[in-house]
Structures are given as structure tokens and as C-alpha cells.
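Everything below concerns the one structure shown next.
Here, each number is a calculation from the coordinates, and none is a lab measurement. All values derive from a computational prediction rather than experimental measurement. Cβ sites come from the backbone with ideal geometry, for glycine too, and all protein chains shown count toward neighbours.
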Amino acid sequence: MVAVGDHVRAIGWLHPDHPYTKGEVSAEFLSRLKEFVAHCSQSANALYFGAFGGFHTCEFCDKALGIANFGAPSDDLLFVAPEMVVHYIQQHGYCPPAEFVAAVLKSPLPNTEEYQLTTEPFWHMHKKRIERLLRRVEPGR
Ligand SMILES: [Zn+2]
């Protein structure tokens, strides 16, 4: 996981062994979600995500590959989703939770200054955590 904590809600890490909610999503949500995905790297920078865990292949069809993740803030919660979430929705009928849909519709887009400001508290939280982990790996840092 790229971010951990009570504030993090992971969305859209699907696997065939686990059932998931299916249903229609609105065109408005889908097009906004695609904008978040298009700006994954800005989102990752704004949220201090650090290094990613590597490629992730779609376990359902083996036809899609993703590496990046993005975050959608909603007050003091942060929804974190992989870029593959769009593939899951379009190809596998995934219907993400209403709270996530609302956060994506409400949050500023990652390529805006407003997003930087909204996500700043998360940036600090994630930076502190990564620094703590690094100190454990390399004492004296
Ligand atoms: Zn697939």
C-alpha cells in the first residue's frame, strides 16, 4: 500500500477471490475519475506517496496493467485508488462505494493548486511516516 493510516480508505483493489459490488456509474463520475487518473503523478506528489509497489495486472482478464495510484480527499478522509479502477468499472462492471464517488466529484482535480492545498495535511502525515520508516531501516538518519 502507498499510504496507511486511519484516514486512508482503499478503493478498487479487486481480486477474483473477493466479491465486489456491480452496477452502473454516472457518466459525470466516470469522466471525472479519468481526469484523476490522467493526473496520477501530480496526485502522488501532492500526497507524498513515495515508491509504488510495482505493476499490477488485472486478475480478471489479464488484459490491463496499472502502476500508478491517486487520492481523492474528503474532509479528513483520503480515498486511495489504483489507476486500474477505471478498467474495473468499464470492463468488469465495478460500482465503487458512494462515498468514493462523492469524493471524486467534490475534490479539486490533482493538477490544480486547490488540490495541493486540500491535500497538504495528508502530505505531512505521509512524509512523517516515510521518514519514520527510513530511520528504522537506516538508524542515525
Ligand atoms: Zn480486466
Legend entry - Positive-pole candidate from ILE130, GLY23, CYS61, dipole of region 8-137, charges at beta carbon: ILE130
Inset, instruction - Find the Cα radius of gyration of the chain, compare it with 2.2 N^0.38 Å by division, and give the number to two decimals. - result: 1.07
Legend entry - Global form of region 1-49, assessed from the alpha-carbon gyration tensor, a/c cut-off 1.5: oblate
Legend entry - DSSP bridge pairs, the chain: antiparallel proportion in percent, nearest 5: 75
Inset, instruction - With r as the distance between the Cβ atoms of LYS106 and LEU65 and R0 = 25 Å, compute the FRET efficiency 1/(1 + (r/R0)^6) and round to 0.05. - result: 0.25
Legend entry - region 37-141: GluC sites (Glu not before Pro) falling in loop per DSSP and having at most 16 other Cβ within 10 Å: GLU59
Legend entry - Mean ellipticity per residue at 222 nm, deg cm²/dmol - from DSSP H runs of n ≥ 4 across the chain, formula -39500 (n - 2.57): -13500 deg cm²/dmol
Inset, instruction - Quickly work out the PHE29-to-LEU77 label distance, labels modelled 7 Å from Cα along the C-beta direction, and quote it in nm with one decimal. - result: 1.3
Inset, instruction - Might you report the magnitude of the Cβ-based charge dipole of region 8-137 about its Cα centre, with Lys and Arg at +1 and Asp and Glu at -1, to the nearest 20 debye? - result: 500
Legend entry - LEU117-HIS15 pseudo-label distance in nm [points 7 Å out on the Cα-to-Cβ vector]: 4.1
Legend entry - Under 14 Å from LYS106, Cα to Cα: aspartates and glutamates that are on another chain or at least 8 residues apart: GLU28, GLU35, ASP75, ASP76, GLU114
Inset, instruction - Fewest Cβ neighbours within 10 Å first, please rank CYS61, CYS95 accordingly. - result: CYS61, CYS95
